[in-house]
Amino acid sequence: MEFSIYDFSSFTAWIDQSLRASMSPGLAVAIEMLIIGVVILIFYAIVGLFLVYAERKVCALMQNRLGPNRVGPGGIFQTIADLVKLLFVELVPIKNADKILFSLAPYIVIIASFMAMGALPFAKGLHAIDLNIGVFYLMAVSSMGVVGVLLAGWASNNKYSLIGAMRSGAQIVSYELSVGMSLVTIVVLAGTMQLSEIVQAQQYGWFIFRGHIPALIAFVIFIVASTAETNRGPFDLAEAESELTAGFHTEYSGIRFAFFFLAEYINMFIVAAIATTVFFGGWMPFNVYGWEGFNKVMNLIPPFIWFLGKTGALIFLIMWFKWTFPRLRIDQLLTLEWKYFLPINIINVLIMALIVLLGWHW
Amino acid sequence: MEVKEKKVGLENEEYIINMGPQHPSTHGVLRLVVALKGEIVQRVEPHIGYIHRGIEKMCENLTYQQIIHLTDRMDYLSAHINNEAVCLAVENALEIEVPERVKYIRTIMSELTRIQSHQLFWATFGMDLGGLTCFFYGLRDREKILDIFEESCGGRMIVSYNTPGGLMNDIHPNFQNRVKEFLKYFRGVIHEYDDLLTGNVIFQERSKGMGVMTLEQAIAWGLTGPTGRASGFSCDIRKHNPYSAYDKVTFREILYTEGDVFHRYLARMEEMRESMNIIDQLIDNIPEGPYTAKMKPVIKLPEGEYFQSVETARGELGVYIVSDGNKNPFRVKFRSPNFVNLAPLNLMASGSKIADLVAIGGSLDLIIPDIDR
């Protein structure tokens, strides 16, 4: 078996063949699913912990301070220590709360983000499931999280939580449209919804460069709308600390709170990963036509490093505007979506369709 | 069989929430009972008294020197100016002329107090609106003023530097240099405040036209300080009834006519700059001399009623002392700016959103211990 960090398809094929050789096909598939599940779960936890740490460091950078620096070198074990603390925190029972829905809500939020993780192409061949409607699937599962948020707000029997959930419902339902439309713009350009093909189509130029101005507009709208969808500042109205104490998760404690907290960061990762895949060529290296030497060096960097690097850069962007902007008000938020983003988006899709029809893109 | 009738909420029923006494945006223990209809605030009812310590009553059993220390605990961000108010009242009653040096130092200290108070306002106001970074920038610069206080007064926030007749002790030899250093530093960084918040589109959208108080309303409700001046009410005690060394300096009274959240904010930003100008004019000219007038160890005010008002960072603080000739005052009343500024909250906030209520509350720059006293 030959193994290369540039192409994982031979590696995964080897695992598949050796499993099938020793057991029945049904069992082999079951074991493969288990392996993938465990791998994604581990990756999920690592990304979650790392992003919480990264957010603290980025926020400290923005705020002229050091951030965590006590537990471990540079404070890298701080989030693990916090997680251990959260595990031991009592799950406070809430009076008059709807117990089933109350405990179900964090799981829905976390499952939604977990499902989206499975469809992301991390590198060539490193792709749990390559659906032919990948973009559509990601949009569908990423909007499932709102159900958890609504449940959390409703079941907590807390007035602040209910207001938070109400806001979150209005916000996510609205911004879902913008996220969808901006992705559709690129789907029109790519001519496919399959994520692996979208990445493959960007081999000779990322869509953000190839798609002229419409792709750029789509990207800006996507990054703003998806920040709103993941409930992050300046769109964190659902948990608006200074208004609603903690919004929908006011009553949650311990590991249930940790689930909400983790899901927020994973959602940020997923959003950045989708943007990377769709606009920035996924795991494709940065190549410039004609610069042979430059391209060679770029191609030496393994694809998953490219993927994580681009995703990391976008996550930094999202964190950047969280820590520098004040929060919007609910009516301004909805005005922004329905009066500006949606019309711009619709026209943008039409322009993109025209460009594709006339073959103006390169 | 009895049929249980389920009570269905009326469509117009109000949704009452208790903001506070423990809430991130009330800056203390203010409790606002807010009646909501959806996101819209129908009415706001402030409930006060959670940190009532009976300061006015306590004053009746304390000597005039001791009262100073209680005034620190009212508006703790204008501690120095509160001290000054009582000292001035006592000095006027006894008809003592304090040395020029004391007047200059008091004025400089008052203006430093004003700057640090407005810095904290900026920090927390940004946080109220969701801009968390402001908090750290504001506190970073405020720390430098607190260090100056610490050097000369011993205390950082609760300074108790004034005493009837003068000051507790002389300024630190470093004082002038430190202040000049600070002014140079702060002039260099104050543009960061504007970059981070004032110029931000989201911030302007959220604060312009919110919680408007017209000039008539502002006068009718007795709003003072930057809150009143943003509505065009010329109410600066430093200008109209100068005390200490304010008659020796030239400065601008910041006046706007809009009276909304944004202009209350702007008024404070401009006041910081004006305060720096005032300090500039005084810092090099502090006259030599004693740091306190000769006072008897036991102060007894002649029988009568005395009133003195000063301009704190939040508005007009009035001290009203009734004396029966004893070493303790017979009755003391403080006219605190925050109590008066809180009153029209319902007027300003009803009809706006919850988020606006937080912004309006923030723009009043309330200090709850000063309301309850």
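Results, tabulated for the structure shown:
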quantity	calculated
10 Å Cβ neighbours from other chains, averaged over peptide B:123-129	3
The range A:253-345 - Rg (one decimal) and Dmax (whole number), Cα, Å	18.2, 57
Euclidean distance between Cα centres, the range B:192-269 to the range B:71-120, Å	21
Order of A:160, B:291 under a 10 Å beta carbon neighbour criterion, fewest first	B:291, A:160
Label-point gap, in nm, between residue A:338 and residue B:300 - each point 7 angstrom along Cα→Cβ	7.5
Computed over the range B:252-327: relative contact order in percent, which uses C-alpha pairs under 8 Å that are six or more apart	22
Pair residue A:22, residue B:219: separation of 7 Å Cα→Cβ label points (nm)	9.2
³J(HN,Hα) computed for each position of the range A:259-267 - Karplus, 6.51 cos²θ - 1.76 cosθ + 1.60, integer Hz, glycine/proline x	5, 4, 5, 5, 4, 4, 6, 5, 4
Sorted by Cβ neighbour density within 10 Å, fewest at the top, the residues B:212, A:149, B:298	B:298, B:212, A:149
Angle in degrees between helix B:354-364 and the longest Cα principal axis of chain B, rounded to the nearest 10	10
Relative contact order computed over chain B (Cα-Cα under 8 Å; 6+ residues apart), in percent	26
Euclidean distance of C-alpha centroids, the range A:166-197 and the range B:137-175, integer Å	57
Förster-model FRET efficiency, 35 Å R0, residue A:300 and residue A:66, C-beta, rounded to 0.05	0.50
Theoretical gain in end-to-end length, residue B:176 to residue B:156 [0.36 nm per residue, Cα-Cα removed]	5.5 nm
Cβ-placed point charges (K, R +1; D, E -1), dipole of the protein assembly as shown about Cα centre in debye, nearest 20	580
10 Å binning of all Cα-Cα separations within the range A:121-213, expressed as whole percents from 0 upward	15, 34, 26, 17, 8, 0
Helix-only [θ]222 nm of chain A, DSSP H runs n ≥ 4, -39500 (n - 2.57) each, per residue, nearest 500	-22500 deg cm²/dmol
Cα gyration tensor shape for the range A:221-276, rounded if a/c is under 1.5, else prolate or oblate	oblate
Computed Kirkwood radius, in angstrom, where 1/r is averaged over Cα pairs of the range A:32-122	15.9
Extension gain, residue B:43 back to residue B:14 (0.36 nm per residue minus Cα-Cα distance, nm)	9.4 nm
Cα-based Kirkwood hydrodynamic radius, chain B, one decimal, Å	21.6
Residue of B:80, B:191, B:172 that the Gaussian network model of chain B assigns the largest fluctuation, springs spanning Cα pairs under 10 Å	B:191
Over the range B:87-173: Kirkwood hydrodynamic radius from C-alpha pairwise inverse distances, Å	14.4
Three-way shape call for the range B:179-263 based on the alpha-carbon gyration tensor, with the a/c threshold at 1.5	oblate
Contour minus Cα-Cα distance for residue A:157 and residue A:32 (0.36 nm per residue)	40.8 nm
Average beta-carbon neighbours from other chains, 10 Å sphere, peptide A:233-245	5
Distance (nanometres) between label positions extended 7 Å along Cα→Cβ at residue B:191 and residue A:40	5.1
The protein assembly as shown: projected area of the alpha-carbon convex hull, averaged over directions, in nm²	43.7
Separation of alpha-carbon centers, the range A:272-324 and the range B:310-373, rounded to whole Å	55
Amide H contacts of residue B:163 (H built 1.01 Å from N, under 5 Å, at least 5 apart or other chain)	B:168
Near-label residues of the range A:103-127 by backbone N, under 17 Å of a point 7 Å along Cα→Cβ of residue A:12	A:115-127
Three-way shape label, the range B:245-373, alpha-carbon gyration tensor, a/c 1.5	oblate
Interchain or long-range residues, amide H under 5 Å from residue B:47's placed H	B:31, B:32, B:33
Equivalent ellipsoid dimensions for the range A:94-358 as semi-axes, Å, which come from the Cα gyration tensor, largest first	34, 20, 16
Percentage of interatomic Cα-Cα distances in the range B:29-109 larger than 23 Å	44
Proxy reagent accessibility, fewest Cβ within 10 Å first, across B:255, A:195, A:308, B:167	B:255, A:308, B:167, A:195
Scattering curve values for the range B:25-170, log₁₀ I(q)/I(0), Debye with Cα scatterers, q = 0.10, 0.14, 0.22 Å⁻¹	-0.46, -0.80, -1.32
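A short reminder: the numbers here are calculations on the coordinates, not readings from a lab. None of the values given here were measured: they were computed from a predicted structure. No Cβ is skipped: glycine too gets one built from the backbone with ideal geometry, and neighbour counts run over all protein chains shown.
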